[in-house]
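Asks: Attaching a single structure in structure tokens format; questions to follow.
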Amino acid sequence: MKFEVDKQTKKDLEIFDTVKGGKSVVSLFDHTQCVGGRQKLYSFLSAPLADIEEITKRKESIAFFQAHFPAGMEVDKDSLDFAEYYIRHSSLSSRRISRFVAMEKKLFSKLSQNNEYYLTETGVIATFKLVKTIHAFFLSLQDRLKDEKPPKHLQENNEKLKEIFSQPEYIDILKKDKLKAHDITDLDHVFRNTNRDDTLFLLELIYEYDAFQAIAQTAQMYNFSYPEIVPSSENCLEIESIFHPFVENAIANDISFDRSANLLFISGPNMAGKSTFLKALGIAVYLAHAGFPVPAKSMKISVLSGLSTTINISDNLSSGYSHFYAEVMRIKDVARKLETNNNMMVLFDELFRGTNVKDAYDGTLAIVSAFARVRTSFFIISTHIVEVAEELKTGESIQFSYFDIQQQDGHPAYTYKLKKGVSDVRLGMYIIRKEGLIDLINNIKH
């Protein structure tokens with residue numbers, strides 16, 4: 001089953017898009033060495049998985065690379081670039097010819113600067129080098145896979161490589177140290193004709209392993225961990241020390257859910273850390289379903305079928321939507337998804353910020369109460385309208401947390417730590433007075 005995630009969610013979490021001068025999640029992991037590896041990385045992040053076996057296979061492969069092959073498969077980039085061009089442009093002639101004709105073609109190419117023969121010769125030599133490189137890595141990987149429980153995906157890849165390298169054509173290739181004129185035409189026929197599918201598999205393998213080492217490198221650099229993925233029937237989420245990877249010296253927090261309390265209501269004043277926390281949580285859930293390491297000390301999550309966030313929603317001028325109406329349409333969209341996809345993570349930041357306080361209060365109370373009755377999905381909803389919490393306390397499936405604010409010399413100090421309970425701190429007028437807004441306006445000359 002496909003993991004459901006829309007453009008708004010990817011935008012909120014800055015998976016690919018980012019504000020000017022900022023970062024994106026994909027850029028955080030992009031330590032790839034080749035274009036194909038970068039494209040593979042993008043494809044992983046473009047389509048998170050909802051199948052526990054597929055998620056686990058990718059996660060274990062990346063963790064294995066981090067532990068045993070942090071540099072990945074070291075490939076000559078020039079050889080890779082030329083081999084890819086040569087293999088993918090199969091319009092070049094790849095007919096098998098005699099040794100005499102091969103020598104004739106080589107001599108003629110030197111006299112006439114035959115471009116087609118040059119491309120073929122250089123492409124064959126580049127592909128030959130790559131085959132040698134992949135075979136050496138295959139042997140190293142084979143040795144490592146004997147020492148411990150091997151990741152299933154890497155084991156499957158090595159079985160395929162074993163099959164390829166046991167073919168007579170490749171046995172002959174691996175015996176050679178350098179190529180002669182007749183080898184060029186023979187191997188050209190092998191690489192781009194009789195064994196073209198094998199050659200394309202080798203290319204895709206290079207790209208995949210390049211992406212794996214890039215992801216593993218990020219995990220090492222930022223101290224990410226590999227989540228424990230459990231069946232959806234367990235209906236749980238437990239994260240220790242989650243942090244936002246873009247925030248320098250980020251404060252880590254813990255969060256846990258189970259079947260009995262699947263809605264978290266977060267209160268607290270503006271700038272206390274609610275939005276950053278929701279983004280960090282969304283990123284962790286997204287990465288876990290992509291089979292990636294996550295920004296947390298540890299994470300256990302049951303497989304979800306989708307993720308939906310409403311954090312940076314804006315009005316839609318082309319459709320004539322106000323900010324409030326855009327919020328209503330977004331909630332309606334989420335509700336429709338939950339009708340057919342009832343195992344999601346839903347994040348709402350500051351519900352109904354686009355309307356008056358009375359409507360925001362009534363709307364937040366009504367929507368949160370309704371979502372609390374949907375027991376098959378997880379909901380995290382933040383607000384600075386703390387009065388709503390008092391009305392919601394009778395809800396059995398709702399748990400309450402807030403971001404702590406402490407007083408230092410009469411001024412608020414943001415701790416960015418999530419605590420159990422409901423916030424009673426109000427900082428709106430403090431900030432207005434601190435910035436001198438009233439005095440500034442009163443001093444305007446009439």
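Asks: In the same structural domain as VAL425 (by TED's automatic domain parsing), part of a strand (DSSP E or B), buried (at least 18 other Cβ atoms within 10 Å of the Cβ) and over 26 Å from the mean Cα position of the chain (by Cα) - does that describe any residue in region 369-384?
Replies: So far as region 369-384 goes, yes, one or more of its residues are in the same structural domain as VAL425 (by TED's automatic domain parsing), part of a strand (DSSP E or B), buried (at least 18 other Cβ atoms within 10 Å of the Cβ) and over 26 Å from the mean Cα position of the chain (by Cα).
Asks: Please find, among GLN220, GLN213, the residue that is surrounded by fewer than 19 Cβ atoms within 10 Å (Cβ to Cβ) and in a helix (DSSP H, G or I).
Replies: When all the criteria are applied, what remains is GLN220.
Asks: Going by the structure shown, is SER241 in contact (Cβ under 8 Å) with a residue 12 or more places away in the chain and either in the same structural domain as PRO48 (by TED's automatic domain parsing) or closer than 17 Å to GLU54 by Cα (or both)?
Replies: No, not satisfied.
Asks: Can I ask one more? Inside region 138-193, can you point out the residues that are assigned to a helix (DSSP H, G or I), among the polar types (S, T, N, Q) and within 28 Å of PHE65 (Cα to Cα)?
Replies: Passing the criteria: SER140, GLN142, GLN155, ASN157, ASN158.
Asks: What is the residue count in region 223-258 for residues that are part of a strand (DSSP E or B) and either in contact with a strand residue (DSSP E or B) (Cβ under 6 Å, 6 or more places away or on another chain) or at pLDDT 95 or above (or both)?
Replies: 15
Asks: Between LEU139, LEU145, LEU187, LEU179, which is hydrophobic (A, V, I, L, M, F, W, C), farther than 30 Å from PRO293 by Cα, in the same structural domain as SER61 (by TED's automatic domain parsing) and surrounded by fewer than 19 Cβ atoms within 10 Å (Cβ to Cβ)?
Replies: Answer to the selection: LEU179.
Asks: Which of the following residues is assigned by TED's automatic domain parsing to the domain that holds THR218 and either closer than 20 Å to VAL247 by Cβ or without any contact (Cβ under 8 Å) to a residue 24 or more places away in the chain (or both): SER43, SER61?
Replies: Sole residue among the options that is assigned by TED's automatic domain parsing to the domain that holds THR218 and either closer than 20 Å to VAL247 by Cβ or without any contact (Cβ under 8 Å) to a residue 24 or more places away in the chain (or both): SER43.
Asks: Please indicate, with yes or no, whether at least one residue in region 357-375 is under 25 Å from ASN270 (Cα atoms), modelled with pLDDT under 90 and among the basic types (Lys, Arg).
Replies: yes
Asks: Turning to a different aspect of this structure: Return the residue satisfying two criteria in turn: it lies in region 394-411 and is over 33 Å from the mean Cα position of the chain (by Cα) and touching a residue at least 24 places away in the same chain (Cβ under 8 Å), and of such residues it is surrounded by the fewest Cβ atoms within 10 Å (Cβ to Cβ).
Replies: Here the residue is GLU396.
Here's the yes/no breakdown for (1) out of contact with any Gly (no Cβ under 8 Å at 6 or more places or on another chain); (2) crowded, with 24+ Cβ neighbours inside 10 Å; (3) assigned to a loop (DSSP other than H, G, I, E, B); (4) of a type in the set (Phe, Trp, Tyr):
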residue	(1), (2), (3), (4)
ILE266	yes, yes, no, no
PRO269	no, no, yes, no
LEU278	yes, yes, no, no
LEU287	yes, yes, no, no
PHE292	yes, yes, yes, yes
ALA296	yes, yes, yes, no
THR309	no, yes, no, no
ILE313	yes, no, yes, no
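The values are calculated or read from the model by the stated rules, or taken from the named source; none is laboratory data. Bear in mind the structure is a predicted one, so any value in this text is a computation, not a measurement. Neighbour counts are summed over all protein chains in view; Cβ atoms, including those assigned to glycine, are modelled from backbone coordinates with ideal geometry.
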